[in-house]
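First comes the structure, then the notes that go with it.
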Amino acid sequence: MKKSMLPIPTFDSMMLPTLQASQILGGSGTVDEIYGKVIELLSLPNEVLEIPHGDTSYSEVEYRLAWSRTYLKKYGLIDNSSSKRGVWSLNSTDIDLNKFDPKRVIKAVREANKAKPAEIAIATPLLPMEVEDVEAEEEILAWHQLLHKILINLTPAAFERLAQRLLRESGFIHVEVTGKSGDGGIDGIGIARVAGFLSFHVLFQCKRYQGAITPSQIRDFRGAMQGRTDKGLFITTGTFTREAVKEATRDGAPPIDLIDGEQLVKQLKELGLGVKIKMVESIEVDTEWFTKI
C-alpha cells in the first residue's frame, strides 16, 4: 500500500473528538460507533484511514484512537469497565469541552504512572515520541497481534477450513467449502438456523488480506451471489473501507455481513478456537482469622 502523504492525527488530538463523539452518541457508544463519529468530526479521508498499524489488523488511526480512550479512562472522563459488551461511556454529562486540555490529561496520567511503576505492563509497541510509560488498552494485547499474524500466514485452504469451523461453532447447521475457481469468489455455503426452526442459506467469501476491502470487491461478491441466495458473509483478516461498509448494507441490494480481522480474532477467542484462556488463582491470607483461634 502506498504511504499517505497526509498526516495521521496524533492520539492527543483525538481526545477531544472522542469526548465530542460520546456526547453526540448520547453519552455512550461502542468502539465502532465512537470511531465512526470521530473520523466524521475530523473529516479523515480513506487515504489516512487505510494506513495499517504494522502487521496487525488495526489501522493506525484505530490504534491511536485506542490510546486516546486509554488516557481519557485513566483521567476519569470515560469508562468501559462496567460494560460486558465493550461500551464506553462518559463518567459525567457535565464535562465542559470548551475548557478541555489534552496536555493536562497527558501530564496527569504520566505522573500517576510514574508513581506506580510496578503496576505498568506494556503489551504493545509504543507510538514514537507520543506514548510513554502507560499500559496498553485491553483491546490491543500481544496475543491479539500474534493470532492475527498466524491467520495471515495460513494457506488459503486452511483459512477456508477455519471459516468453516468458525461458522459451525457459531450455530450453522451445515457448512460446505467449495473454493471453486471461476466461482466469482464464493468460497463456501452455509445454512444458518435462527430460533431453532427458521433457516436461511448464506454464501461466504474468505480473504487473507492485510489491506482494506474495497466497494468493488463487495459488488463482485454480491454479483456472484445473484440468483443463489439473498444473504452473504465476507470474512477477512484485513479491514473494510467506509465505502465498502456502506456498499454491504446499501438499500435495495442483498445485504452482506462483514467480519474484519479484529472481529475475527475476538470471535476465535470467544469460541475458544486456537486460544487457551488460563485463569490465574489468587490467594489472600486472612490474618484476622488466626487471631480468633
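The values are calculated or read from the model by the stated rules, or taken from the named source; none is laboratory data. Keep in mind that what you see is a predicted model, and the values were worked out from it rather than measured. Reconstructed Cβ throughout: ideal geometry from the backbone, glycine too, with neighbour counts over all protein chains shown.
Residues checked against (1) at negative phi; (2) of a type in the set (A, V, I, L, M, F, W, C); (3) modelled with pLDDT under 80:
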residue: LYS180; (1), (2), (3): yes, no, yes
residue: GLY185; (1), (2), (3): no, no, yes
residue: PHE204; (1), (2), (3): yes, yes, no
residue: PRO215; (1), (2), (3): yes, no, no
residue: ALA224; (1), (2), (3): yes, yes, no
Flag if VAL245 is over 21 Å from ALA163 (Cβ atoms) and either touching a strand residue (DSSP E or B) at 6+ places or on another chain (Cβ under 9 Å) or outside any helix (DSSP H, G or I) (or both): no
Which listed residue, of VAL87, VAL48, is in contact with a Ser or Thr (Cβ under 9 Å, 6 or more places away or on another chain) and modelled with pLDDT under 90: VAL87
Leading residue by the ranking (farthest from GLU169 (Cα to Cα)) among those in segment 244-278 that are modelled with pLDDT of 90 or more and of a type in the set (Asp, Glu): ASP251
Subset tally (residues that are crowded, with 17+ Cβ neighbours inside 10 Å, under 17 Å from TYR35 (Cβ atoms) and of a type outside the set (Phe, Trp, Tyr)) for segment 225-247: 6
Qualifying helices (runs of 4 or more DSSP H) (wholly inside segment 6-85; at least 3 residues being aromatic (Phe, Trp, Tyr) and in contact (Cβ under 8 Å) with a residue 60 or more places away in the chain): 60-74
Qualifying residue in segment 156-165 (condition: within 29 Å of VAL87 (Cβ to Cβ), modelled with pLDDT under 90 and not polar (S, T, N, Q)): no
Residue within segment 64-81 that is of a type in the set (A, V, I, L, M), touching a Pro at 6+ places or on another chain (Cβ under 8 Å) and either surrounded by fewer than 18 Cβ atoms within 10 Å (Cβ to Cβ) or more than 26 Å from ALA115 (Cβ to Cβ) (or both) present: no
Condition met for ARG250 (surrounded by fewer than 19 Cβ atoms within 10 Å (Cβ to Cβ), farther than 23 Å from PHE159 by Cβ and either among the acidic types (Asp, Glu) or out of contact with any Ser or Thr (no Cβ under 6 Å at 6 or more places or on another chain) (or both)): yes
Some residue of segment 195-214 being surrounded by 21 or more Cβ atoms within 10 Å (Cβ to Cβ), touching a residue at least 60 places away in the same chain (Cβ under 8 Å) and of a type outside the set (Lys, Arg): yes
Residues of segment 221-242 that turn out to be of a type outside the set (Phe, Trp, Tyr), within 28 Å of LEU147 (Cβ to Cβ) and either touching a Pro at 6+ places or on another chain (Cβ under 6 Å) or not in a helix (DSSP H, G or I) (or both), as a count: 9
Of all residues in segment 269-293 being of a type in the set (D, E, K, R) and not in a loop (DSSP other than H, G, I, E, B), the one that is farthest from the chain's Cα centre (by Cα): GLU288
Condition broken by ALA112, with the remaining ones in (1) part of a helix (DSSP H, G or I); (2) touching a Pro at 6+ places or on another chain (Cβ under 9 Å) satisfied: (2)
Options ILE218, ILE173: the member that is assigned to a strand (DSSP E or B) and either in the same structural domain as GLY54 (by TED's automatic domain parsing) or without any contact (Cβ under 8 Å) to a residue 40 or more places away in the chain (or both): ILE173
